[in-house]
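The structure under discussion appears below in the form of structure tokens.
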Amino acid sequence: MSAEPVGKLNSGATIPLRGFGTWKAEPGVVGECVKTAYDVGYRHFDCAAIYQNEKEIGQAFSELFSRGVKRSDIFVTSKVWNTCHDPQRVVEACKQTLQDLRLDYLDLYLVHWPCNWEFTGLPITADNWIPKDKDGNIKFSKVSLEQTWHAMEEVQKMGLVKSIGVSNYSIVNMLDLFSYCKIPPAVNQIEMHPYYARTDLLEFCKSRGVHVTAYSPLGSGKHGPLQDETVAKIAKKHGRTPAQVLIRWCLQRGCSVIPKSVKKERIKENFDVLFELSPQDMKELEALDKNIILNHQKEYWGFNIHA
């Protein structure tokens, strides 16, 4: 197997660039997918409390370890959910995730969204993931993102995580974070694909030494870049699939990328991306940018956090 391409984090750690996503991977399926992904060659696994499948992933990790896989062989990311931004809850949430994943530490722990809601309990479930009042409005908390970040720093100092970072942070969010952080974010995980290229944000993060992880590189099951004629043309030229081209585009921009699939052949296909897109290919793909968010949170939350 070819050497895994890695990125260097400002924490001193390295992150495998080819990652396996677990969002929308249903219970009863996700554990087998994780083991399949490991066997294919994935060493970077992206998780989150809100995905409500960390216990099953933990069982899969336990089975891998019983086969002789070392903890240091895999890189595991998880994320603190919006309801656990109170400093005390950040620590509790991290410990809950470690318990569920059956791990002693996380390689990377992220603030999932720059959005603070009232605490509703742990673990995160379908019944408590979003706090609402009697009128159906989300109940926000009086906790600042600064307080949350300092708790993330504490979690790292406690040895529960190796690196800390953020997800879905804009340039404005990042500028604010850099004004108060003692430990800078190692990663910003964001939606990225040719229809939502995020070029300005990517360049800003690079200029500040923050690695970018691209999620939903294939469009998250919605009509988008996966069906685009330009993507299909470039894929045909290289003898590849449109999905492989989209993943490769993210990699060649210097990002780690975390596609998800529950089908063995697709899991293998999404990993087989060590080919080269030409500079012209890269330009044509970036020219597809329409600033279209395919994972729009208004669909889930009822308000537009992207505004």
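So the values come out like this:
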quantity: Relative contact order of the chain, pairs being alpha-carbon contacts under 8 Å that are 6 or more residues apart, as %; calculated: 18 percent
quantity: Options Tyr195, Thr230, Val273, ranked by Cα towards positive dipole end of the stretch 180-307, top entry (Cβ charges); calculated: Val273
quantity: For Asp107, residues with placed amide H under 5 Å, excluding near neighbours; calculated: Val76, Lys162
quantity: GNM flexibility winner over the chain from Lys260, Lys24, Lys70 (Cα, springs under 10 Å); calculated: Lys70
quantity: 11 Å beta-carbon shell around Ser170, net charge (K/R +1, D/E -1); calculated: -1
quantity: Net charge over other residues, Cβ less than 13 angstrom from the Cβ of Arg18 (K, R count +1; D, E count -1); calculated: 0
quantity: Karplus-derived 3J(HN,Hα), 6.51/-1.76/1.60, for each residue of the stretch 234-244, Hz, glycine and proline x; calculated: 5, 4, 4, 4, 9, x, 10, 8, x, 4, 5
quantity: Karplus 3J(HN,Hα) series, Hz, for the stretch 118-125 with 6.51 cos²θ - 1.76 cosθ + 1.60 (x for Gly, Pro); calculated: 5, 5, 10, x, 10, x, 6, 9
quantity: Heavy-atom accessible area per residue - the stretch 55-148, 1.4 Å, Å²; calculated: 45 Å²
quantity: Residue-averaged [θ]222 nm for the chain, counting only DSSP H segments that reach four residues, each worth -39500 (n - 2.57); calculated: -11000 deg cm²/dmol
quantity: Environment charge of Ser72, counting only residues whose C-beta is closer than 12 Å and scoring Lys/Arg +1, Asp/Glu -1; calculated: +1
quantity: Which of Pro114, Ala3, Pro184, positive extreme of dipole for the chain (C-beta unit charges); calculated: Ala3
quantity: Restricting the stretch 149-190 to trypsin sites (Lys or Arg not before Pro) in coil, as DSSP defines it, with at most 13 other Cβ within 10 Å; calculated: Lys182
quantity: Amide hydrogen neighbours beyond the local backbone of Gly7, cut-off 5 Å, H modeled; calculated: Ile15, Leu17
quantity: Probe 1.4 Å, accessible area per residue of the stretch 166-255, Å²; calculated: 38 Å²
quantity: Reach of Lys8 by Cα under 15 Å, taken over aspartates and glutamates that are not fewer than 8 positions away in the same chain; calculated: Asp107
quantity: Angle in degrees between helix 145-157 and the longest Cα principal axis of the chain, rounded to the nearest 10; calculated: 80 degrees
quantity: The stretch 33-81 versus the stretch 265-291: alpha-carbon centroid distance in Å; calculated: 26 Å
quantity: Sulfur and carbon atoms: percent of accessible area, the stretch 139-215 [1.4 Å]; calculated: 52 percent
quantity: 24 Å Cα-Cα threshold exceeded, pairs from Lys24/Lys142; Lys233/Lys283; Lys162/Lys264; Lys95/Lys157; Lys55/Lys142; Lys55/Lys162; calculated: Lys24/Lys142; Lys162/Lys264; Lys55/Lys142
quantity: Positive-end residue of Gly31, Ile138, Val155, charge dipole of the chain with Cβ unit charges; calculated: Gly31
quantity: Between helix 54-66 and the chain: long-axis angle, C-alpha atoms, 0 to 90°, nearest 10; calculated: 70 degrees
quantity: Accessible-area ranking of Ser163, Ser11, largest first, probe 1.4 Å; calculated: Ser11, Ser163
quantity: Table column - 3J(HN,Hα) (Hz), the stretch 291-299, Karplus curve with 6.51, -1.76, 1.60, x for Gly and Pro; calculated: 6, 9, 7, 8, 10, 8, 6, 4, 4
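The values are calculated or read from the model by the stated rules, or taken from the named source; none is laboratory data. Bear in mind that the values here come from a model prediction, so they are computed numbers and not experimental data. In this analysis, Cβ positions are derived from the backbone assuming ideal geometry, glycine residues included, and neighbour counts consider all displayed protein chains. What goes into the accessible areas is simple: the full protein's heavy atoms, side chains included, and nothing from ligands, DNA or RNA. Shrake-Rupley method; radii C 1.70, N 1.55, O 1.52, S 1.80 Å.
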